[in-house]
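Novice: The structure under discussion is supplied below as structure tokens; questions concerning it will follow.
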Amino acid sequence: MAILSFGEILWDVYGNDKKIGGAPLNVSAHLGKLGNKVYMISSIGDDELGILTKNELTRLGLDTRYIHTTNGYGTGRADVTLSGGIPTYSFPTPSAWDVIKLGKAELDEIKRTRYDAFYYGTLSSRGNVSRSTLYNLFEIVDANLFFFDVNLRLNYYDKEIITKGLERADILKLNDEEYEVLVDLLGIKEGMEEILSRFDISAILLTKGKEGASYITKDKVISKKAGKVKPVDTVGAGDSVSAAVIHFLTHGMDEEFALEKALALADFVVTEKGAVPDYPEWLSKALGI
């Protein structure tokens, strides 16, 4: 499967330790581990973290043709503080992922290509340059599935980018806290049903932490519980759910199967440090990859 993703690459920094991350990178990396060809659109800085990023992207097997090195900006980072395994973040501003650009030849190549899925979020659109690039992609990308991960962080979002993302989405992914923000910001009166109908969205993927996740359409609600595991680090758990749902749906599996496998992956991810740990053999077998 060919997957296109857009957004930030940054390093989650835990004191003296650091792990590559950012929701689009995490989702892309998991999709690659699940066996897909993933093309990521992003920007990194010409600095030490940028060099580390290139090495990690190569190790993860992602296609980097649309990842640019942008002089004058630092590679993205997120300083992470964990409390009871729950992360809080701070982001230096501006960063290279605020100025994601594509040349005409690259845009033409993307326009000619048929993708199985296009993943995008909101955080990378805090900068006008990246936002403009994403809006342009909305007009030219040809994909079977548009997957919108709102991924709200601090105050780096507004009604415009959320509305634009919803108008293009087939599947909306958000957690229970982000749902409350959307309800307030958009004046939603009738909950999930109104979001689905107002924006003509096929489904909502709602992650609920240790309570699991739900896949919600106009006709049904599928809910699955998370496993009884002891979390070490919840950074990227929702990203692994997103990746697995994209993977299994684009491979023709039904929603219940996709959600069950997605939570199995997330149960593993939260027991490891970092958002994209290596998959042990038993997990690959359990996921059928």
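Novice: Search the range 51-66 for residues being in contact with a helix residue (DSSP H, G or I) (Cβ under 9 Å, 6 or more places away or on another chain), surrounded by fewer than 20 Cβ atoms within 10 Å (Cβ to Cβ) and in contact (Cβ under 8 Å) with a residue 40 or more places away in the chain, and hand back the single one that is farthest from residue 113 (Cα to Cα).
Specialist: Among residues in the range 51-66 that are in contact with a helix residue (DSSP H, G or I) (Cβ under 9 Å, 6 or more places away or on another chain), surrounded by fewer than 20 Cβ atoms within 10 Å (Cβ to Cβ) and in contact (Cβ under 8 Å) with a residue 40 or more places away in the chain, the one farthest from residue 113 (Cα to Cα) is 60.
Novice: What residue, among those in the range 101-133 that are buried (at least 22 other Cβ atoms within 10 Å of the Cβ), within 24 Å of residue 247 (Cβ to Cβ) and in contact with a Ser or Thr (Cβ under 6 Å, 6 or more places away or on another chain), is modelled with the lowest pLDDT?
Specialist: 124
Novice: Further, regarding this structure: Keeping to the range 185-210, report how many residues are among the acidic types (Asp, Glu) and at pLDDT below 95. Outline the logic, then answer.
Specialist: First pass over the range 185-210, keeping only residues among the acidic types (Asp, Glu): 190, 193-194, 200.
Checking which are at pLDDT below 95 leaves us with 190.
Counting residues in the range 185-210 that are among the acidic types (Asp, Glu) and at pLDDT below 95 gives 1.
Let's see how each residue does on (1) touching a helix residue (DSSP H, G or I) at 6+ places or on another chain (Cβ under 8 Å); (2) part of a strand (DSSP E or B); (3) in contact (Cβ under 8 Å) with a residue 40 or more places away in the chain:
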residue: 74; (1), (2), (3): yes, no, no
residue: 80; (1), (2), (3): no, yes, yes
residue: 87; (1), (2), (3): no, yes, yes
residue: 92; (1), (2), (3): no, no, no
residue: 110; (1), (2), (3): yes, no, yes
residue: 120; (1), (2), (3): yes, yes, yes
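Novice: Next question, about the same structure. Given the condition surrounded by fewer than 18 Cβ atoms within 10 Å (Cβ to Cβ), more than 23 Å from residue 28 (Cα to Cα), at pLDDT 95 or above and hydrophobic (A, V, I, L, M, F, W, C), answer yes or no: does some residue in the range 214-221 qualify?
Specialist: yes
Novice: Is it true that some residue in the range 17-30 is of a type in the set (Gly, Ala, Ser) and in a strand (DSSP E or B)? Write out each step before concluding.
Specialist: Narrowing the range 17-30 to residues of a type in the set (Gly, Ala, Ser): 21-23, 28-29.
In the following step, the residues that additionally are in a strand (DSSP E or B) were identified as 21.
Among the residues of the range 17-30, at least one is of a type in the set (Gly, Ala, Ser) and in a strand (DSSP E or B), which makes the answer yes.
Novice: Now, a different point. Mind checking which residues of the range 24-50 are surrounded by fewer than 21 Cβ atoms within 10 Å (Cβ to Cβ) and among the basic types (Lys, Arg)?
Specialist: Within the range 24-50, just 37 meets the criteria.
Novice: So, in the range 94-105, exactly how many residues are free of Cβ contacts under 8 Å to residues at least 12 places away in the same chain and either in a strand (DSSP E or B) or hydroxyl-bearing (Ser, Thr, Tyr) (or both)?
Specialist: The initial filter retains those residues of the range 94-105 that are free of Cβ contacts under 8 Å to residues at least 12 places away in the same chain, namely 103-105.
From what is left, the residues that are either in a strand (DSSP E or B) or hydroxyl-bearing (Ser, Thr, Tyr) (or both) are none.
Residues that pass the stated criteria total 0.
Novice: Please state which of the following conditions residue 35 fails to meet, knowing it meets all the rest: (1) of a type outside the set (Lys, Arg); (2) over 24 Å from residue 281 (Cβ atoms); (3) part of a loop (DSSP other than H, G, I, E, B); (4) in contact (Cβ under 8 Å) with a residue 40 or more places away in the chain.
Specialist: (2)
Novice: If you don't mind, another one. Between a first residue in the range 182-205 that is free of Cβ contacts under 8 Å to residues at least 12 places away in the same chain and a second residue that is among the acidic types (Asp, Glu), which pairs have beta carbons less than 7 Å apart while being 6 or more apart in sequence or on different chains?
Specialist: Pairs found: 188/194.
Novice: Looking at this structure, is residue 136 outside any strand (DSSP E or B) and buried (at least 22 other Cβ atoms within 10 Å of the Cβ)? It would help to see each step written out before you state the result.
Specialist: On the way: outside any strand (DSSP E or B): yes; buried (at least 22 other Cβ atoms within 10 Å of the Cβ): no.
No.
Novice: Whether any residue in the range 259-272 is in contact with an Asp or Glu (Cβ under 6 Å, 6 or more places away or on another chain) and modelled with pLDDT under 95 is what I want to check.
Specialist: Filtering the range 259-272 for residues in contact with an Asp or Glu (Cβ under 6 Å, 6 or more places away or on another chain) gives none.
Looking for residues that are in contact with an Asp or Glu (Cβ under 6 Å, 6 or more places away or on another chain) and modelled with pLDDT under 95, one finds none in the range 259-272, hence no.
Novice: Among the residues of the range 1-16, write down those that are surrounded by 18 or more Cβ atoms within 10 Å (Cβ to Cβ), at pLDDT 95 or above and assigned to a strand (DSSP E or B).
Specialist: 3, 4, 5, 6 - these are the residues of the range 1-16 that are surrounded by 18 or more Cβ atoms within 10 Å (Cβ to Cβ), at pLDDT 95 or above and assigned to a strand (DSSP E or B).
Novice: Now for a different question. Could you check, for the range 262-276, whether at least one of its residues is over 30 Å from residue 18 (Cα atoms) and in a helix (DSSP H, G or I)?
Specialist: Scanning the range 262-276, I find no residue that is over 30 Å from residue 18 (Cα atoms) and in a helix (DSSP H, G or I), so the answer is no.
Novice: When residues of the range 54-101 are filtered for being over 17 Å from residue 235 (Cβ atoms) and of a type in the set (S, T, N, Q), how many remain?
Specialist: 9
The values are calculated or read from the model by the stated rules, or taken from the named source; none is laboratory data. It should be emphasised that the depicted structure is a prediction, and the values quoted were computed from it without experimental measurement. Glycine gets a Cβ as well: all are built from the backbone with ideal geometry, and neighbour counts include every protein chain shown.
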